1. Please enumerate the residues belonging to region 456-491 that are touching a helix residue (DSSP H, G or I) at 6+ places or on another chain (Cβ under 6 Å) and open to solvent by less than 10 Å² (accessible area, probe 1.4 Å).
2. Mind checking whether some residue in region 423-433 is among the hydroxyl-bearing types (Ser, Thr, Tyr) and out of contact with any strand residue (DSSP E or B) (no Cβ under 7 Å at 6 or more places or on another chain)?
3. Inspect region 275-283 for any residue being over 26 Å from Asp197 (Cα atoms), at pLDDT below 95 and not in a strand (DSSP E or B) and give the result as yes or no.
4. Evaluate the following for Leu191: is it of a type in the set (A, V, I, L, M, F, W, C), more than 17 Å from the chain's Cα centre (by Cα) and modelled with pLDDT of 85 or more?
5. Filter region 189-218 down to the residues that are among the basic types (Lys, Arg) and open to solvent by less than 20 Å² (accessible area, probe 1.4 Å) and list them by number.
6. Given (1) at positive phi; (2) crowded, with 16+ Cβ neighbours inside 10 Å, where does Asp450 come up short, assuming only one miss?
7. Please return the ranges of strands (runs of 3 or more DSSP E) entirely within region 292-407 where 2 or more residues are surrounded by 15 or more Cβ atoms within 10 Å (Cβ to Cβ) and modelled with pLDDT under 95.
8. Report yes if some residue within region 233-242 is open to solvent by 20 Å² or more (accessible area, probe 1.4 Å), touching a residue at least 40 places away in the same chain (Cβ under 8 Å) and in a loop (DSSP other than H, G, I, E, B); otherwise report no.
Amino acid sequence: MNEANNINYLLNVVIDYALCKKLIDEYDSDYYLNLLLNFFNLTEIKKEETSNDISIFDALLKLYDLKKEEYNYPDFITAVLNIFTPLPSVVNDNFQRLIEIDSKKASDYLYKISTDSLYINTENLKKDIKWKVDSKYGKVDITINLSKPEKDPRDILKAKQMPSSNYPLCMLCKENMGYKGRPSYPSKLNLRFVKVDIDSGETYYMQYSPYSYFNQHLIVFNKKHIPMVVNKNTFSHLLNFVDEFPHYFLGSNADLPIVGGSILSHDHYQGGDKILPMFAATDAFKIEFSNHNDVHASYLNWPLSVIRLKSNNKESLIELADDILNAFIKFEDNDNEIYAFTNGERHNTITPIAHKDGELFVLDLALRNNYSNENYPLGLYHPHSEYWCIKKENIGLIEVLGLAILPRRLKDTLLAIEDDINNNVDISTDEKVKEHYSWIKNIDLSNKSDLDNKLKEEIGHTYVKILECCKIFKTDKQAQESINKIKTLMK
C-alpha cells in the first residue's frame, strides 16, 4: 500500500467511524469525504472498504503528520471530529425532545455525542491511575490524573508572542462552543451543550467535562459570566436539577477562595453518576430542627463536617438549608479557631451537594472555613504543609465527595520511591523523593512484596488525613455542641 493509498484508507476509517457512531448519515458520506479533503488540502479520494484493523485513534495519529505544523495533537482531534459533530441547535433540539420522554435517555444522548465526537477522549481516560482504599469512614477513591493534556512547549512559546485575549472570558462561557482555541487555550470546536431548566429567570446549560474525573462528569453553567455564589437559589437549582435528572447528583463548589473551586468567576455546578464515596456515608448522630419536622437531618461519619438533610418536600429542604447557611455564616468558636470574620472578610460558607434516594431529596451541606494565619498561610482548614507532597491544591466539591484528584507528578514519584526501596536507598536522603518520607515511614517494609499496592494504600490513608485537615469540627462532641449553637443563630 503506497502512501497516497494509505492516506485514502485512513480517511475512509474516519468516515466509517462517523457513520458507525451515527454522527452522519450514509446519504451525506460523499459530502463529508469532501469536507475531509478540504481540511487536509487534498484533491481527490476514493471510497473503499475498511476493516477493524485500525482504531479511530490510530488513524488520527497517523493523519496528524499532515497537519502537525498547524495543530497540536488534541486540537487536531477536535478539528477533525468537529466536521462530523451535529450542529449545536440539532443536538439541543434532540435533547429537548428526548427529555420530554425520559431524562436519562436525553442525558445518555448528550453523553454519547460528547464521547463519539471525542470531546471526551475515552482513550486518554484509560491512562488515569485509579484505586480504592478502606478507611474508618468507608472506602475513598484515589486517582492520579494523566488524561488532562500537558502544555505543549510550542504553545507556551506562541502564547508569549500573541496579544492577550479576553475571549472567551473563561473556560465555562457559552462562547467556547466552536472556538478554535489558541496557544495555552484548548480548542472547543466539538463541544456541545444543551439548555436545562433549573431556574425560571436564568438560562443554564449542561455539558460534560472533557476530563471526566468520574463517570458522566457533567457541568451546569450560567449563560452569564457572573461570579459563583452559594445562597438560597443555589439549593433550589441543585434540587430542581436532580428532580429532573434523578440518576445524577449535582453540587456546587464553595463560593470563597481556598475552599472553593478553580473557577469562582463563573456561576456553575458539577455533577454526574452517583458513584462517589460520600453517598454511602453513615450517620454519626441525628439532628432535630423543630421548625422542619418533615426533614430528617443528621451529621455524617465523614472526614469533613457534613450535615445531611432528607425530605420528600423540596421547598422545606431549600428553606432549612438557607437557614443553616445564614446561621453558619455568623457562627464562630474562637476557642477552636473557627472565625466567622476577620477584618471584614467572611470565612464561613458551604459546599452543597444534592441527589435523590428513591422519592427522597437528599441535600448534603459540607461546612467550610477559609481562615488563614501565619502558621497556615494557605488556610487553617486546607491541606497542611506536611501533606503538600501529595496534594497542595484546594479541596473542592469532587474531593469533598471522597474522590482524590492527585497530580500526574505522583506517577513518576511512585516509581522512584519503589526503586529506592528495592535498592535499600534511604528515602529521607534522596533529594528526588525525600519530601514523601513523612508518609512512607508508616509502611511496614519488612516484606517488600506487593510494594506498589502498599504505597497506594498509604497514599489513600494520607489523603484521608488531608481531608481531615479541612474538617471544621474535629470530634463528634464538638460537632454536636457547635450545631446546637448554629441552631440558636437560625431565624
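1. Result: Thr462, Ile466, Phe473, Ile486.
2. As a first pass, look at region 423-433 and keep what is among the hydroxyl-bearing types (Ser, Thr, Tyr): 428-429.
From what is left, the residues that are out of contact with any strand residue (DSSP E or B) (no Cβ under 7 Å at 6 or more places or on another chain) are 428-429.
Yes, some residue in region 423-433 is among the hydroxyl-bearing types (Ser, Thr, Tyr) and out of contact with any strand residue (DSSP E or B) (no Cβ under 7 Å at 6 or more places or on another chain).
3. The initial filter retains those residues of region 275-283 that are over 26 Å from Asp197 (Cα atoms), namely 277-278, 280-283.
Now drop any that are not at pLDDT below 95, which leaves none.
No, there is no match, as no residue in region 275-283 is over 26 Å from Asp197 (Cα atoms), at pLDDT below 95 and not in a strand (DSSP E or B).
4. Numbers: of a type in the set (A, V, I, L, M, F, W, C): yes; more than 17 Å from the chain's Cα centre (by Cα): no; modelled with pLDDT of 85 or more: yes.
In short, no.
5. Taking region 189-218 and keeping what is among the basic types (Lys, Arg), we get 192, 195.
If the condition is that a residue be among the basic types (Lys, Arg) and open to solvent by less than 20 Å² (accessible area, probe 1.4 Å), then Arg192 is the only one that fits.
6. Only one criterion is unmet by Asp450, namely (2).
7. Numbers: elements: 296-300, 306-311, 348-357, 360-369, 403-406.
Strands (runs of 3 or more DSSP E) meeting the threshold: 403-406.
8. Let us first name the residues in region 233-242 that are open to solvent by 20 Å² or more (accessible area, probe 1.4 Å), namely 233, 236, 240.
Next, only the ones that are touching a residue at least 40 places away in the same chain (Cβ under 8 Å) stay: 236, 240.
Checking the rest, the ones that are also in a loop (DSSP other than H, G, I, E, B) come to none.
Within region 233-242 (the criterion being open to solvent by 20 Å² or more (accessible area, probe 1.4 Å), touching a residue at least 40 places away in the same chain (Cβ under 8 Å) and in a loop (DSSP other than H, G, I, E, B)), the answer is no, since none of the residues qualifies.
The values are calculated or read from the model by the stated rules, or taken from the named source; none is laboratory data. Keep in mind that this is a model prediction, so the values were computed, not measured. Glycine gets a Cβ as well: all are built from the backbone with ideal geometry, and neighbour counts include every protein chain shown. What goes into the accessible areas is simple: the full protein's heavy atoms, side chains included, and nothing from ligands, DNA or RNA. Shrake-Rupley method; radii C 1.70, N 1.55, O 1.52, S 1.80 Å.
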